[in-house]
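Read the figures in this text as sums done on the coordinates, not as results from a lab. Not measured: the values here are computed from a predicted model. Here the Cβ positions follow ideal geometry from the backbone for every residue, glycine too, while neighbour counts run over all protein chains shown.
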Amino acid sequence: MSVPIVRATPDRVPHLTTLLGRAFLDDPMLVWPFGGSELEPITNFFRAFDEQTAELGWLWEAGDGLGVAAWIPPGSDEVMMEIDRSMRPTLPAVGARHADMWEWIADNFPDEPFWYLDHIAVDTEHRRGGVGTALVQHGLTFAERDGVPAFLETGRPVNVSYYERRGFRTISDADAPGGGPHIWFMRYDS
């Protein structure tokens, strides 16, 4: 399946964040810090975050809402973290667990420039059809072009082998502080 990947415009964010909310409803990296798996807080989080990533040109859409990925360019990880920090007081579900986990994750970012896959989701009806692979490859093309690694983390064990098949390797894994989920940090080098 060949699917076009385009920059997601801000007007697409409400649709795409509904997709993200459903996709991340059982993800330990959102369930644990949010204290449960309720759709509204997760969707609200992605909406607030992706309104800003879309404005910056970091949000990518596959097809007409088949999938979405946020690829953060080299040197922008601190800007991304400032977006996250600025959102924390405005979203009641985003508490201390979220802040502690994401500050710890940021401490595990590579020291050199890198392309960062912050999040990715594919509509359930279109999974296993190449949409996710196209979104991953889209960002890896940027990393290869720029001669820098790509980086991501995941709290889902099944995702580790998925990303390994796309050229990533686990560089470390540990439990998030305060009893948080187990997280794998993965890197792609061209």
Q | Net charge, F185 excluded, C-beta distance under 12 Å - Lys, Arg +1, Asp, Glu -1 | A | -1
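For the chain, what are the DSSP H helices with axial Cα length of 20 Å or more and mean Kyte-Doolittle hydropathy of at least 1.6?
Helix filter hits for the chain: none.
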Q) Which option, [x] 19.8, 70; [y] 15.3, 43; [z] 19.2, 65, is the value of Rg and Dmax of the Cα atoms in Å that was calculated from these coordinates? A) [y]
Q) Listing M87, M80 from the residue with the fewest other Cβ atoms within 10 Å to the one with the most, what is the order? A) M87, M80
Q.
Placing one identical point scatterer on every Cα of segment 93-190 and ignoring solvent, what is log10 I(q)/I(0) from the Debye formula at q = 0.20, 0.24 Å⁻¹?
A. -1.06, -1.31
**Q.** Dipole magnitude (debye, nearest 20) for the chain, charges at Cβ of Lys, Arg, Asp, Glu
**A.** 520
Q) Which listed residue (V122, P73, F49) has the Cα farthest towards the positive end of the charge dipole for the chain, taking +1 on Lys and Arg C-beta and -1 on Asp and Glu C-beta about the Cα centre? A) V122
**Q.** Rel. contact order, % - alpha carbon contacts under 8 angstrom, at least six apart, segment 1-133
**A.** 33
Q. Can you give the extra length, in nm with one decimal, that the chain gains between M81 and D173 once fully stretched, where that is 0.36 nm per residue apart less the Cα-Cα distance?
A. 31.1 nm
Q | Euclidean distance of C-alpha centroids, segment 129-151 and segment 25-103, integer Å | A | 20
Q) Sorting I120, I105 on the 10 Å Cβ count, fewest up front, what's the list? A) I105, I120
